[in-house]
1. Take the residues in the range 32-50 that are at pLDDT below 85 and of a type in the set (S, T, N, Q); name whichever of them is surrounded by the fewest Cβ atoms within 10 Å (Cβ to Cβ).
2. Which residues, counting only those in the range 65-87, are more than 18 Å from TYR108 (Cβ to Cβ) and outside any strand (DSSP E or B)?
3. If TYR102 meets every condition in (1) in a loop (DSSP other than H, G, I, E, B); (2) at pLDDT 90 or above apart from one, which number is that one?
Amino acid sequence: MFAIKSVAIGAILTGASTVFLLTACTQEQQNKISRDIQNWTGTNGVLEVYAGDKLVRRFIKIDKLSTAMGTEDNKPRPYRFGYGVLDENLNMVVDPGEKKVYFEISDYAGNYVFFENPR
């Protein structure tokens, strides 16, 4: 009986300390924690690349979109990268022949939108 109470008290204290630590974090730190958890669990991401107002490329089934970091200075680079299926016919479905590819998106290039697939 004593062991069960001590486990329950330990769980309550752990939960309370987690809540306290999260409320003590800045919004930026909370967002980073959320992104880290989401990256760890994965998402069903979609990346759409536009030329003006026209959709020209779509990548689907993306686990995460990462910011490149410098090898020696560990500073963020001005591009994102990831792996996803190139949706050649832009129908949001992985069709026969469409393969998973590596891609990079520059911060200075055209417009793009990254979102979780609602389907």
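The values are calculated or read from the model by the stated rules, or taken from the named source; none is laboratory data. Values in this document were obtained by computation on a predicted structure and should not be read as measured data. Reconstructed Cβ throughout: ideal geometry from the backbone, glycine too, with neighbour counts over all protein chains shown.
1. This residue is THR41.
2. If the condition is that a residue be more than 18 Å from TYR108 (Cβ to Cβ) and outside any strand (DSSP E or B), then THR71, GLU72, ASP73, ASN74, ASP87 are the ones that fit.
3. (1)
Conditions (1) modelled with pLDDT of 95 or more; (2) surrounded by 10 or more Cβ atoms within 10 Å (Cβ to Cβ), marked per residue:
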site: ALA16; (1), (2): no, yes
site: LEU22; (1), (2): no, yes
site: GLY52; (1), (2): no, no
site: ALA68; (1), (2): no, yes
site: ASP73; (1), (2): no, no
site: LEU86; (1), (2): yes, yes
site: SER106; (1), (2): no, yes
